[in-house]
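Student: Could you have a look at this structure, given as structure tokens, before my questions?
The values are calculated or read from the model by the stated rules, or taken from the named source; none is laboratory data. Please read these numbers as outputs of a predicted model, since none were measured by experiment. When we count neighbours, we look across all protein chains shown, and the Cβ atoms used for this are built from the backbone with ideal geometry, even at glycine. Each accessible area value is taken on the protein alone, full model and side chains, heavy atoms only, with ligands, DNA and RNA left out. Shrake-Rupley method; radii C 1.70, N 1.55, O 1.52, S 1.80 Å.
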Amino acid sequence: MSADKLAKINKMFYPKSVAVVGASARPGSVGNDLLKNLVKDFTGKIFPVNPKGGEILGVKAYTSLLEIPEEVDLVAVVVPAKAVFDVVDQCREKKVNGIVVISAGFKETGHEGLEREQELTRKVQEAGIPLVGPNCLGIINPEAGVKVNASFASKICEEGTLAFISQSGALCTSVLDYAQARQMGFSKFVSFGNKADVKEVDLLEYLADDPKTKVIAMYLENISDGKRFREIASKIFWEKHKPILCLKSGRSAEGAKAVSSHTGSLAGSDRVYDALLAQSGVQRVNTVAELFDLASLYTTQPLPKGRRLAIITNAGGPGIMATDAAVAAGLKLAPISDETKNALRDKMPEAASLRNPVDVLGDAKSDRYEAAVTTIMNDPNVDMGMVILTPQSMTDTDNIGANIPKAIAGIGKPVICSFMGAADVQKGVDVLVSQGVPNYSFPEAGVNALGGAVRLAESKEMGGRQYATLTDCDVEKAKQVIDGYLAGGHEKYLTQADCRALFECYKLPLLKSGIATTADQAAEIVAGIGSKVVMKVMSADVVHKFDSGGVLLNIEGPEAARAGYAKIYENVAKSVPGAKIDGILIEQMAEKGVEVILGCNRDASFGPLMMFGLGGTLVELLKDVTFRLAPMWKSSADNMIREIKAFKVLDGYRGAPKCDIAALTDTLLRLSTMVVNHPEIAECDINPLIVHADGKGCSVADSRVMLRR
């Protein structure tokens, strides 16, 4: 984004003057509510615009923007869709800095609306004026001294350090109400609707350097530019150290494409977003509640330096609930040191449990809570803490809420509370939250937030964030191979034998092999290899070779090869009648190892989507796979491998030898580099890739590629 556009977006949040085109004197109308919000809070100049002129809400109204005698920074537009173009022309002549189009009637209404929106985009970009919307709630900056509420939300939000941007305006009104109930404020609040001009990526780029924003939260339905999103979000998280949370709708499988490769059939549209967000350092959440559970922690507490949690409670049951949640979230109960226990004995009743969870008993008041929190949180074995309170008749909840922030001041470890209940604990919760300690109504939500914080902290420290650079690949020869295959048409399906010439250019780990078109040739090839072989049918018509009887294993010797050749032809004729067979691939049997799958499916918007998982014939049933977008960092490849549920199988499960993870990572990065360098590779599967014992490498046992111009 240009420096000029960035500066103008800043002016939209810090305007000295705002005009409302479509301002109305009619109560309950959008034009009236928006103007009312500005009149109530905005510290700058306000210019209502209405064809009738006169006065609205006590402010002089103008018949057009051009009639206003002063400069206008921001224009909020609430006129019918067809009238918006004239307003944009006036904005251009008036040289305004930004436009917010609240009006609906654009692409959300169908083809005619889409054409209208495309024309709107063209006009504002020619004029060089950033536009938020159309079909949006508007923008809010609650910062003291500014307080611009250019929206039709019922009230301005409180000031805070969380920026919230949303594609949905209706969701925004609910979020504002929810945030108020949780006493959370915002640095910036934006509903950007159809994003005809200013998109989520532009807002991220702006918020990256916004000094008032500590954490960014988003609700998105799609992402406009995956590559730019990845670049900007990565910078925000790993360089600017601002956490980014995203609630991305559309997880259902209906968006998945049915294609011939395993990768394609397993990669629904949501998998692409999972990969993109993970590689961008963005933490994905599933609900609004989860988003605010994490945001309230990230805006108030430091990130944990480890997984060890201390639980302090006045009731045994909630302590057990928190323990179960901690184990499920991948946390560990901190071992309370003997020194800490000895220090606690002088401050706790004899019946108190000094093991983790530490039970301070139901009659605990603020002094006992403060002593427990101070002592335990200073234990070097403790990385983070949760304080649970259930309201008993003797519990001085408001005093406890006031003392906990004092007890944790300066310790540099995250501490959260779960004051369980509603009315009985509200005063204590109000004090806690006002002093920057987040509270969760139930322990499980708080522990899950701490689990999210641990994952975020570990992502923040992730190394290997450099793109793989391979110097031993023959890119030009690979281009020639691809051009040769596509010389006769638009697309070409490559069998395993066809893939060999391409894979050799990228030093992918291939086995000795040959192609037989007669039984005698099969016998000669097997004799030349000199060890057990696998025989596979070569046919574009036979997608699942094993299921079709087109694969024979452990063939040894010339006579067995002749018999195997005939058997494959017989099997395929029965299972895939009419299939055209190009020959039989005969390949050296690989050493024993773990079968995995590597693949790629080229997404229309975001480019190559890489897949990794446990391989073999059950891959689509088990669906134990992970995805990343190419090009990949080395750390991306490492994480892909370690994220599958079956990683223990590769890591030496139950005494089995550990697999060659380094060779597997290298193979994954080589495949990623290949598909990036050659956009003609539309789909690719290596299934299985056999990963041998540590130090013995990998072997491509089967593969297929779809080339497409």
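Student: How large is the charge dipole for segment 573-643, taken about the Cα centre, if only the Cβ atoms of Lys, Arg (+1) and Asp, Glu (-1) carry charge, to the nearest 20 debye?
Tutor: Numbers: 8 positive and 9 negative charges, 26 e Å.
Value, rounded to 20: 120 debye.
Student: Taking square-rooted eigenvalues a ≥ b ≥ c of the alpha carbon gyration tensor, is segment 543-606 rounded, prolate or oblate, where a/c under 1.5 means rounded and, failing that, a/b exceeding b/c means prolate? Please list the in-between numbers first.
Tutor: Numbers: a/c = 2.85, a/b = 1.40, b/c = 2.03.
The shape class here is oblate.
Student: Counting only helical runs of four or more DSSP H residues, what would the 222 nm mean residue ellipticity of the chain come to if each run contributes -39,500 (n - 2.57) and the total is spread over all its residues? Don't jump to the answer; show the numbers that get you there.
Tutor: Details: 24 runs with 266 residues, N = 709.
Per the formula, -11500 deg cm²/dmol.
Student: Additional query: Show the residues, 5+ positions off or on another chain, whose built amide H is closer than 5 Å to the amide H of GLY385.
Tutor: HN-HN under 5 Å from GLY385: ALA310, VAL415, ILE416.
Student: As I understand it, the value is the acute angle between the Cα axis of helix 397-408 and the longest principal axis of the Cα atoms of the chain; what does it come to in degrees, rounded to 10?
Tutor: Taking Cα atoms only, the helix is inclined about 60 degrees.
Student: Please name which of GLY185, ASN97, ILE140 has its Cα lying farthest along the dipole of the chain towards the positive end, using unit charges on Cβ (Lys, Arg +1; Asp, Glu -1) and the Cα centre as origin.
Tutor: Positive-most Cα among the choices belongs to ASN97.
Student: Let me ask something additional. Where the only charges are on Cβ atoms (+1 Lys, Arg; -1 Asp, Glu), what is the dipole of the chain about its Cα centre, to the nearest 20 debye?
Tutor: Working: 81 positive and 85 negative charges, 103 e Å.
So the dipole magnitude of the chain works out to roughly 500 debye.
Student: Do any trypsin sites (Lys or Arg not before Pro) in segment 620-695 lie in a loop, going by DSSP, with at most 14 other beta-carbon atoms within 10 Å of their beta carbon, and if so which? Don't skip to the end; give the middle numbers.
Tutor: Values: sites: LYS623, ARG628, LYS634, ARG642, LYS645, LYS648, ARG654, LYS658, ARG670; in loops: LYS623, LYS645, LYS658.
Within segment 620-695, the qualifying trypsin sites (Lys or Arg not before Pro) (loop, at most 14 other Cβ atoms within 10 Å) are LYS623, LYS645, LYS658.
Student: Report the calculated FRET efficiency for LYS227 and TYR178 (r = Cβ-Cβ distance, R0 = 25 Å), to the nearest 0.05. Intermediate results must be reported in sequence, preceding the final value.
Tutor: On the way: r = 33 Å, r/R0 = 1.33.
Given R0 = 25 Å and the Cβ-Cβ separation, E is 0.15.
Student: Right, something else. Contact order normalised by length for segment 534-676, with contacts defined as Cα pairs under 8 Å and 6 or more residues apart; what percent is it?
Tutor: Relative contact order of segment 534-676: 18 percent.
Student: If R0 is 25 Å, what FRET efficiency do you get for HIS111 and THR287 from their C-beta distance, rounded to 0.05? If you can, show how the numbers build up before the last one.
Tutor: Details: r = 34 Å, r/R0 = 1.35.
For HIS111 and THR287, the calculated efficiency is 0.15.
Student: Something else now. Can you list the residues, at least 5 places off or on another chain, whose amide H is less than 5 Å from the amide H of LYS658, using H built in the peptide plane?
Tutor: ASP694
Student: Hey, can you rank 443-456, 479-492, 525-538 by average C-beta count inside 10 Å, highest first?
Tutor: So the order, starting with the most tightly packed, is 443-456, 525-538, 479-492.
Student: What is the magnitude of the charge dipole of segment 1-71 about its Cα centre, with +1 placed on the Cβ of each Lys and Arg, -1 on the Cβ of each Asp and Glu, and no other charges, expressed in debye to the nearest 20? Walk me through the intermediate numbers first.
Tutor: Numbers: 10 positive and 7 negative charges, 24 e Å.
Its charge dipole is roughly 120 debye.
Student: Between ALA83 and ASP324, what length comes free when the chain is fully extended (0.36 nm per residue of separation minus the Cα-Cα distance, one decimal in nm)?
Tutor: Details: separation 241, 0.36 × 241 = 86.76 nm, distance 5.88 nm.
Answer, rounded to one decimal: 80.9 nm.
Student: What is the spin-label model distance, in nm, from ALA604 to ASN342 if the labels are put 7 Å beyond Cα along the C-beta direction?
Tutor: Inter-label distance under the simple model: 7.0 nm.
Student: Sticking with this structure for a sec: For the modelled label position 7 Å from the Cα of ASP41 along Cα-to-Cβ, which residues of segment 213-246 have backbone nitrogen atoms closer than 17 Å?
Tutor: 213
Student: Using a basic spin-label model with each label point 7 Å from the Cα along Cα→Cβ, how many nm lie between MET394 and THR469?
Tutor: 6.9 nm
Student: Spelling out what I want: for every residue of segment 650-657, take phi, set θ = phi - 60°, compute 6.51 cos²θ - 1.76 cosθ + 1.60 (Karplus), and round to whole Hz; glycine and proline get x.
Tutor: Coupling constants for segment 650-657: 7, 9, x, 5, 6, x, 5, x Hz.
Student: Right, another one. Please turn the phi angles of segment 113-120 into ³J(HN,Hα) values with the Karplus equation 6.51 cos²θ - 1.76 cosθ + 1.60 (θ = phi - 60°), one per residue in order, whole Hz, x for glycine and proline.
Tutor: Once θ is set to phi - 60°, the couplings for segment 113-120 become x, 4, 4, 5, 5, 4, 5, 4 Hz.
Student: Follow-up question, since we're still on this one. How many angstrom separate the Cα center of segment 269-300 from the Cα center of segment 77-111?
Tutor: Here the answer is 32 Å between Cα centres.
Student: Would you be so kind as to identify which of SER280, LEU309, SER353 lies farthest towards the positive end of the dipole of the chain, taking Lys and Arg as +1 and Asp and Glu as -1 on Cβ and the Cα centre as origin?
Tutor: SER280
Student: Right, something else. Could you provide, to the nearest whole Å², the per residue accessible area of the chain with probe 1.4 Å? Spell out each step's value before the answer.
Tutor: Numbers: 29390 Å² over 709 residues.
Per-residue value: 41 Å².
Student: Once you place label points 7 Å from the Cα toward the Cβ at GLU458 and SER441, how far apart are they in nm?
Tutor: 3.0 nm
Student: Can I ask one more? Karplus couplings for segment 82-93 from phi (6.51 cos²θ - 1.76 cosθ + 1.60, θ = phi - 60°), rounded to Hz, Gly and Pro as x?
Tutor: 5, 8, 5, 4, 4, 5, 4, 4, 5, 4, 5, 5
Student: Between VAL75 and residues 5 or more places away or on another chain, which pairs have amide H atoms under 5 Å apart, with H built 1.01 Å from N, and which residues are they?
Tutor: Residues meeting the criterion, in which the H sits 1.01 Å from N, are ALA19, GLY98, ILE99, VAL100.
Student: While we're here: At a Förster distance of 60 Å, what's the computed FRET efficiency of ALA646 paired with LYS52, Cβ-Cβ distance as r, to 0.05? Don't jump to the answer; show the numbers that get you there.
Tutor: On the way: r = 70 Å, r/R0 = 1.17.
The computed FRET efficiency comes out at 0.30.
Student: Under 28 Å Cα to Cα from LYS645, which lysines show up? Leave out anything in the same chain fewer than 8 places away.
Tutor: Within the straight-line limit of under 28 Å, LYS645 reaches these lysines: LYS248, LYS257, LYS305, LYS332, LYS460, LYS545, LYS592, LYS623, LYS634, LYS658, LYS696.
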